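Accompanying notes for the structure given below.
Just so it is clear, none of the values below were taken in a lab; they were calculated from the coordinates. On a predicted model such as this, the values are computed, not experimentally measured, just so you know. Quick reminder, even Gly has a Cβ in these numbers, built from the backbone with ideal geometry, and neighbours come from all protein chains shown.
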Amino acid sequence: MKIHEYQAKELFGAYGIAITDQAVISDASEASAAAERLGGTVVVKAQVLVGGRGKAGGVKLADNPADAAEKAKAILGMDIKGETVEKVLIAPAADILKEYYVGLIMDRASKKIILMVTKEGGVEIEELAVTDPDKIIKFPIDIATGIDEDALRSVLTDVFEKPGLVEQATDTVKKMYTLFVEKDASLVEINPYALVDETTLMALDAKMNFDDNALYKHDDVDGMKNPEEYSQDEIDAKKFGLSFVSMDGDIGCIVNGAGLAMATMDIVKLFGGDPANFLDVGGSSNPEKVLNAIEIILRNRKVRAILINIFGGITRCDDIAKGIIMATDQIDIKVPMVIRLVGTNQEEGRAMLEEKGFDVADDLSDAVRKVVAS
Ligand code: GDP
Ligand code: MN
């Protein structure tokens, strides 16, 4: 899950990380009063869940409250990488002497949290990562033992040089780390971590992503969820206990188990098709889930065929068959459905489906070939 900059800054503030004061507005008429309160000279920033706002024209400085209203008006409604700007953040404009980058990410391969830091932060960071990756220092942190403070200070000394700045950066990284771990984040990033006068570093931007599977532990974070991140189908699927992700293709997929669902998408691709979605109905069998899955998939007008791929273990094939029959009774399904059904109670399941005139495959390649050709 992603959150907006202003939301990440609220969390930063709660963890004692130095941020600037802020106001968030969704109507340009509120901008001048907000700017007035924040000292007049402000920065107006689009709040969207994608990066690269600066380069897209979504971050503008304003000299006075009237100017802030102009800038807010220009940014609100703007389209940034397919997202419409509904809110802007207004903050006192800082003088930037230098832009650093500090980020913590979860590295699944090494099972460590990696601190990335460089003195060449700012809007060109992605470029730097490609052209000059060695300029980004990486410091792995073992989650079991936490931060080795002396080692951290030594790394940050190379970047921030002056003792006063090194102390601030060390303190900030420790707080970012605590925030990361306590809230089950997958990313905590400050870019720019800016030198705003000779002796002060500030988080002028804030980015956080979270592990969706841990959201149940954090009502505060879950409460920050932004509807624009998820499609209506994804929201409904979650309510029904289905793991669902919308994709661009035209073959609807209903599969049991996340691993098999991924493999099924790969095989659809391999046979020249394009999946319309990832969908895992989960381990337990429940005819309702199949009905709900078909209903959600069919909302997508692009879907021209549905592939149901079940490898029954805990999932019982007869329950799946019941769900498919329920769906055909209740919904007018106009697209072909190709069903592959093997495993627990496959005879019962097949018999039920064949009685209703369905063709059931036991070979996955056959089923995929058929759905792609249909
Ligand atoms: P991003 O492009 O989405 O990462 O948005 P940022 O919040 O990082 O802003 C982009 C750039 O705008 C920063 O790298 C800064 O150069 C500039 N910027 C942001 N806030 C301020 C500010 O308060 N004062 C000044 N002078 N520049 C700012
Ligand atoms: Mn930034």
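Note on the chain: Kirkwood radius taken over Cα pairs, Stokes-Einstein applied at 37 °C and 0.692 mPa s, translational D equal to 139 µm² s⁻¹. Please give the helix 258-270 orientation as an angle from the longest Cα principal axis of the chain, in degrees from 0 to 90, rounded to the nearest 10. For helix 258-270, the angle is close to 80 degrees. Between the exposed loop cleavage positions of the chain, defined as GluC sites (Glu not before Pro) in a non-H, G, I, E, B DSSP state with at most 15 neighbouring beta-carbon atoms within 10 angstrom, the longest gap is 199-374. The C-alpha atoms of the chain define a longest principal axis, and helix 5-14 lies at about 70 degrees to it.
Taking a Cβ cut-off of under 12 Å around Leu291, the surrounding Lys, Arg, Asp and Glu residues balance to a net charge of -2, with basic ones at +1 and acidic ones at -1.
For a 32 Å ceiling on Cα separation, which of these pairs sit above it: Lys45/Lys111; Lys2/Lys111; Lys2/Lys119; Lys138/Lys217; Lys87/Lys239? The answer is Lys45/Lys111. Compared with the alpha-carbon gap, the fully stretched path from Lys55 to Ala263 is longer by 71.1 nm at 0.36 nm per residue.
Once you list every other residue whose beta carbon is under 9 Å from the beta carbon of Tyr101, what net charge do they have if Lys and Arg are +1 and Asp and Glu are -1?
-2
Only one residue of Ala34, Phe180, Val221 has its Cα farthest out toward the positive end of the dipole of the chain, where Lys and Arg carry +1 and Asp and Glu -1 on Cβ, and that residue is Val221.
For the chain, a simple Cβ point-charge model (Lys and Arg +1, Asp and Glu -1, everything else neutral) yields a dipole of about 520 debye relative to the Cα centre. Principal-axis analysis of the Cα atoms of the chain puts helix 163-182 at an angle of about 20° to the longest axis.
When only Cα pairs under 8 Å and 6 or more residues apart are kept, what is the percent relative contact order across segment 21-92? Reported relative contact order: 47 percent. Taking other C-beta atoms within 10 angstrom as a stand-in for reagent exposure, Arg37, Arg301, Arg153 fall in the order Arg301, Arg37, Arg153, fewest first.
A simple charge model with +1 on the Cβ of Lys and Arg, -1 on the Cβ of Asp and Glu and nothing else charged puts the dipole of segment 165-286 at about 360 debye relative to its Cα centre. Ordering Val130, Gly58, Gly103 by Cα displacement along the dipole of segment 49-152 toward the positive end leaves Gly58 in first place; charges were set at the Cβ atoms of Lys, Arg (+1) and Asp, Glu (-1). From the residues Met337, Ser231, Val88, which one has its Cα farthest along the dipole of the chain in the positive direction, the dipole being from +1 and -1 charges on Cβ of Lys/Arg and Asp/Glu about the Cα centre? Positive-most Cα among the choices belongs to Met337. Give me the net charge of Ala62's neighbourhood, meaning all other residues with Cβ under 13 Å from the Cβ of Ala62; Lys, Arg count +1, Asp, Glu -1. Summing Lys and Arg as +1 and Asp and Glu as -1 gives 0. The length gained on full extension between Asp134 and Glu288, counted as 0.36 nm times the residue separation minus their Cα-Cα distance, comes to 50.1 nm.
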